[in-house]
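Below you'll find the structure, written out as structure tokens, and then a few comments.
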Amino acid sequence: MRKKALLACVLSASVVLGVTACGSDGGEPKDLDFTVNYDGITTAKIDAGVSVHDPSIIKADGRYYIFGSHMSTAVSDDLRTWTSLGDGYKVKDQIYYELMANEDAFAYAGSKKSVIPTDDRGWHVWAPDVIYNEATGLYYLYFCTSSTWNASNLCYATSENIEGPYEWQGALIYSGFTAQTLDATDVAEYVDRETAKDTYIKKSNEYNFNKYPNAIDPTVLYDKDGRLWMVYGSWSGGIYLLELDAQTGEVIHPEADEENRVDTYFGKRLLGGNHSSIEGPYILYDEESGYYYLFVSYGGLAREGGYQIRVFRSETIDGDYVDMNGEFPLDTNNPEHYPYGLKLSGNYYLPSLEMAYMATGHNSAFIDDDGRKYIVNHTRFDNKTEEHEPRVHQFIVNEEGWPCMLPYATDGETVSENGYDMADMAGRYYVINQGTAIDSNITEPFILYLGENGKVYGDGVEGSWEAKNNTCYMNITYGETSYSGVFCQMNDEAGTPVMTFSAVGNNESVWGVKY
């Protein structure tokens, strides 16, 4: 077993915590078995059909498309099985062949011929995002070319069709420049050249990466008022936000406002700085809750890098985006940002998985036509390789307005708005709590019983739980934390029907699966 310090701490607690009980007044369940075993549980084979890193999703013509790094693209009809539309830097790629043939797309970064060349003989295109522009009737592909860990260029291309080809339109934001390469950018069009040198470049002639962003990982959205925005950034100076012209898709550079962290060229800094491991931003507006949710990834993207999904929220598009404790990381030193942000997913094992999921990060999110909400990310596996596949999980917003990610990949499940019977909710659960750490540890299940008397029983830990009548909402308290979440009947990844719960508290996510 690979149970870690967090689990040991939880199981060593022995305190009854008082919350309102639900169900009958019956006593403690009999013959409690806290042994974790998977006998009789069917295991699913890992096979989504494709590998798409940093998947960004868009629904078009009734189908789901994910666009990812390395010019990988795939399509699905059910969010489970994906078919590749292109992969790798191939000149004949149906999505990207116009870009591959256009030298302007790689003029600044991303190829061996760029002003800042790559350190190998290949191309580097990272983390694209596609949005349908309502004003022009075109699909806009936002992407970045990158030569080093901070020398990058945000660009965009357009197409009449979701499946391309996408035609180069221009560069938007540059990063990683020095005094010698500054003139290859458009920075001096918005900031006086000498001021730009003094502001963005250190005395050592290095780009001031601790304060200003790496121009990478762009995602684009409309706010509730119809204005168009782009959020971007990776490590370096943090996550930044810029407004775009809805008619052209190009950047609207703001007036500088140092007090509110607004830079004329790069926009507003939302999170991060000091090269903390915060990247892959994605903002989703949920009209139902009234919040903008800012998803980011922490850690290193490799299998043992601690890659994971975090979320913050705000009532306005430009923040401040805060976590469950009302805080956010700003100018923290890596890895001191680990307590900030609600952690939704990291490294974990659950019954029915062929092996543990690792580095479950760099997500997008969307709300489908029927109102169901989804998180889309890639995952690696506990198989000593860097292989990866896309995964889609439904998430449900709890009573306090925080996302609760369901434990298993979506399989068409629908949460019951009228709640569930006591016999379905009470019982023996395999439970994981991934805490807030950024490390390579894999969280494995321990056993908790939800009693019909409203009590929680574990191996050395007690607590309580309740379900809100005629809803899917629930609360569970054990150890020293209370978690608010939802029940949902769904299929595990082998197709076995199971009752699950997903609840969040103090920036932690707790998942339970009943067999």
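Any residue in the range 196-221 that's at pLDDT 95 or above: show its pairings with residues that are in a helix (DSSP H, G or I) and open to solvent by 20 Å² or more (accessible area, probe 1.4 Å) at Cβ separation under 7 Å, as long as the two are six or more apart or on different chains.
From residues that are at pLDDT 95 or above, the pairs are Ala196/Ala188.
Out of curiosity, is Arg380 crowded, with 23+ Cβ neighbours inside 10 Å, at pLDDT 95 or above and under 22 Å from the mean Cα position of the chain (by Cα)?
yes
Filter the range 320-368 down to residues that are within 14 Å of the chain's Cα centre (by Cα), farther than 23 Å from Tyr292 by Cα and assigned to a loop (DSSP other than H, G, I, E, B), then give me how many there are.
Residues that pass the stated criteria total 1.
For the range 266-280, which residues satisfy the criterion of being surrounded by 24 or more Cβ atoms within 10 Å (Cβ to Cβ) and touching a helix residue (DSSP H, G or I) at 6+ places or on another chain (Cβ under 8 Å)?
If the condition is that a residue be surrounded by 24 or more Cβ atoms within 10 Å (Cβ to Cβ) and touching a helix residue (DSSP H, G or I) at 6+ places or on another chain (Cβ under 8 Å), then no residue fits.
So is Ala196 of a type outside the set (Lys, Arg), assigned to a loop (DSSP other than H, G, I, E, B) and within 18 Å of Asn153 (Cα to Cα) or not?
Considered against the rule, which asks whether it is of a type outside the set (Lys, Arg), assigned to a loop (DSSP other than H, G, I, E, B) and within 18 Å of Asn153 (Cα to Cα), Ala196 comes out as no.
Just wondering, is there one or more residues in the range 298-316 that are more than 16 Å from the chain's Cα centre (by Cα), under 19 Å from Leu221 (Cα atoms) and part of a loop (DSSP other than H, G, I, E, B)?
yes
Just to verify a result, which residue in the range 247-287, among those that are touching a residue at least 60 places away in the same chain (Cβ under 8 Å) and of a type in the set (Gly, Ala, Ser), is farthest from Ile201 (Cα to Cα)?
Only one residue fits best here, namely Gly249.
Among the candidates Pro407, Pro403, single out the residue that is closer than 25 Å to Ala302 by Cα, open to solvent by less than 40 Å² (accessible area, probe 1.4 Å), at pLDDT 95 or above and in contact with a Leu (Cβ under 9 Å, 6 or more places away or on another chain).
From the options Pro407, Pro403, the qualifying one is Pro407.
Scan the range 166-186 and report the pairs whose first residue is under 22 Å from Ser72 (Cβ atoms) and open to solvent by 30 Å² or more (accessible area, probe 1.4 Å) and whose second residue is part of a helix (DSSP H, G or I) and acidic (Asp, Glu), with Cβ atoms within less than 7 Å and a gap of 6+ or a chain change.
Between residues of the range 166-186 that are under 22 Å from Ser72 (Cβ atoms) and open to solvent by 30 Å² or more (accessible area, probe 1.4 Å) and residues that are part of a helix (DSSP H, G or I) and acidic (Asp, Glu), the close pairs are Glu167/Glu98; Trp168/Glu98; Trp168/Asp104.
Yes/no per residue for (1) of a type in the set (A, V, I, L, M, F, W, C); (2) at pLDDT 95 or above:
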| site | (1), (2) |
| --- | --- |
| Phe295 | yes, yes |
| Leu301 | yes, yes |
| Tyr307 | no, yes |
| Ser314 | no, yes |
| Asn334 | no, no |
| Leu344 | yes, yes |
| Tyr357 | no, yes |
| Gly361 | no, yes |
| Ser364 | no, yes |
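Quick one: in the range 81-114, of everything that is aliphatic (A, V, I, L, M) and part of a helix (DSSP H, G or I), which residue is farthest from Asn161 (Cα to Cα)?
Among residues in the range 81-114 that are aliphatic (A, V, I, L, M) and part of a helix (DSSP H, G or I), the one farthest from Asn161 (Cα to Cα) is Ala105.
Checking Val15 against (1) modelled with pLDDT of 95 or more; (2) over 26 Å from the mean Cα position of the chain (by Cα); (3) among the β-branched types (Val, Ile, Thr), which test does it fail?
Answer for Val15: the failing condition is (1).
Give all pairs with beta carbons closer than 6 Å in which a residue from the range 408-433 that is touching a residue at least 24 places away in the same chain (Cβ under 8 Å) and part of a loop (DSSP other than H, G, I, E, B) meets a residue that is hydroxyl-bearing (Ser, Thr, Tyr) and surrounded by 14 or more Cβ atoms within 10 Å (Cβ to Cβ); count only pairs at least 6 apart in sequence or on separate chains.
Note: pairs meeting the criteria are Gly419/Thr471.
What is the residue count in the range 49-67 for residues that are of a type in the set (D, E, K, R) and outside any strand (DSSP E or B)?
2
Please go through the range 471-490 and pick out each residue that is open to solvent by 10 Å² or more (accessible area, probe 1.4 Å), part of a strand (DSSP E or B) and under 14 Å from Ser416 (Cα atoms).
Tyr473, Gln489
Of everything in the range 108-118 that's in contact (Cβ under 8 Å) with a residue 12 or more places away in the chain and either open to solvent by 50 Å² or more (accessible area, probe 1.4 Å) or within 27 Å of the chain's Cα centre (by Cα) (or both), which residue is farthest from Leu244 (Cα to Cα)?
Pro117
Among the residues of the range 119-128, is any modelled with pLDDT of 95 or more, open to solvent by 10 Å² or more (accessible area, probe 1.4 Å), over 26 Å from Lys203 (Cα atoms) and in a strand (DSSP E or B)?
Checked against the condition, which is being modelled with pLDDT of 95 or more, open to solvent by 10 Å² or more (accessible area, probe 1.4 Å), over 26 Å from Lys203 (Cα atoms) and in a strand (DSSP E or B), the range 119-128 yields at least one hit.
Here are some conditions: (1) at pLDDT 95 or above; (2) open to solvent by 10 Å² or more (accessible area, probe 1.4 Å); (3) outside any strand (DSSP E or B). Gly460 meets all but one. Which one does it not meet?
(1)
Output the residues belonging to the range 268-291 that are in contact with a strand residue (DSSP E or B) (Cβ under 6 Å, 6 or more places away or on another chain) and within 20 Å of Lys224 (Cα to Cα).
Within the range 268-291, Lys268, Leu270, Pro281, Tyr282, Ile283, Leu284, Tyr285, Ser289, Tyr291 qualify.
Taking the residues in the range 294-344 that are of a type in the set (Ser, Thr, Tyr) and surrounded by 24 or more Cβ atoms within 10 Å (Cβ to Cβ) as candidates, determine which candidate is nearest to Arg269 (Cα to Cα).
Tyr321
State all residues of the range 124-149 that are out of contact with any strand residue (DSSP E or B) (no Cβ under 6 Å at 6 or more places or on another chain) and among the polar types (S, T, N, Q); if no residue qualifies, say none.
The answer is Thr136, Ser147, Thr148.
The values are calculated or read from the model by the stated rules, or taken from the named source; none is laboratory data. Here the structure is a predicted model, which is why all the values come from computation and not from measurement. Note that each Cβ is placed from the backbone with ideal geometry, even for glycine, and that neighbours are counted across all protein chains shown. These accessible areas exclude ligands, DNA and RNA; they are computed on the full protein's heavy atoms, side chains included. Shrake-Rupley method; radii C 1.70, N 1.55, O 1.52, S 1.80 Å.
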